[in-house]
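Reviewing the structure listed below.
The values are calculated or read from the model by the stated rules, or taken from the named source; none is laboratory data. Since this is a predicted model, take the numbers as computed values, not measurements. Because the Cβ atoms are built from the backbone with ideal geometry, glycine has one as well, and the counts that use them run over all protein chains shown.
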Amino acid sequence: MADVKAPGPAAVRAPSAVCSPAPRQGWFLQHTDPIPGWRPMHGRLRRMIAPVTFGFAAVGVGVLLHAVDPREPGNYPTCPFLWLTGLYCPGCGAMRASASVVDGDVSGAFGFNPLVVIALVGLVVMFALWTRRQWQGRPKLSITRPWVTTALTVITVVFWVARNVPGWTWLSPA
């Protein structure tokens, strides 16, 4: 038989000279303070490529929604979930709501999909914060807190169910 060696002692890691920072308690995200001496890897121009590209894409989508109006039948296909089941999904009316926001009709947008209008406000705020962090060369934010993900999921599911309750036509896309 071959000689079987007994396992040796576990390797002990030497402590690092640079400690990883403890997460700072933020309201929605867990932030980490940068490691002392941390500097951005790239210059400002390269860091701003993604936000500028995303901004141009958003403007392009806005121009498309303004030029080819989704509120007129036949310009875009119908929602596949609505077509298959006859029920409204949480996103039904989102394109029409976005087109109404682009055209400046916020009250009309709420009639198509109130959840999307609120989400658009959140997305604009998150885009502005992300762009500012990129401009300043600050490190990326860490993780979303679990309660935020759970709350967004619950809100979406409740909205999905509520807009399909018979008689609650105020939540269905107009």
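Per-structure values
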| item | result |
| --- | --- |
| Check on Ala50, within 21 Å of the chain's Cα centre (by Cα) and in contact (Cβ under 8 Å) with a residue 60 or more places away in the chain | yes |
| Residue selected from the range 68-101 under the condition of a type in the set (Val, Ile, Thr) and surrounded by fewer than 18 Cβ atoms within 10 Å (Cβ to Cβ), by the criterion nearest to Val165 (Cα to Cα) | Thr85 |
| The listed residue being assigned to a loop (DSSP other than H, G, I, E, B), among the hydroxyl-bearing types (Ser, Thr, Tyr) and either at negative phi or in contact with a strand residue (DSSP E or B) (Cβ under 7 Å, 6 or more places away or on another chain) (or both), out of Thr78, Thr53 | Thr78 |
| Residue identified as touching a residue at least 12 places away in the same chain (Cβ under 8 Å) and more than 17 Å from the chain's Cα centre (by Cα) among Leu82, Leu87 | Leu87 |
| Those residues of the range 140-157 which are surrounded by 14 or more Cβ atoms within 10 Å (Cβ to Cβ) and either under 13 Å from the mean Cα position of the chain (by Cα) or more than 25 Å from Pro90 (Cα to Cα) (or both), in sequence order | Leu141 |
| Every residue from the range 109-131 that is surrounded by 15 or more Cβ atoms within 10 Å (Cβ to Cβ) and free of Cβ contacts under 8 Å to residues at least 60 places away in the same chain | Ala109, Phe110, Pro114, Leu115, Val116, Val117, Ala119, Leu120 |
| Options Leu65, Leu45; residue that is modelled with pLDDT of 65 or more and either touching a strand residue (DSSP E or B) at 6+ places or on another chain (Cβ under 8 Å) or closer than 30 Å to Val101 by Cα (or both) | Leu65 |
| Yes/no for Ala128 being over 23 Å from Arg71 (Cα atoms), out of contact with any helix residue (DSSP H, G or I) (no Cβ under 6 Å at 6 or more places or on another chain) and at pLDDT 90 or above | yes |
| Filter result (more than 25 Å from Val101 (Cα to Cα), outside any helix (DSSP H, G or I) and touching a residue at least 12 places away in the same chain (Cβ under 8 Å)) within the range 132-169 | Gly137, Arg138, Pro139, Leu141, Ser142, Ile143, Thr144, Arg145 |
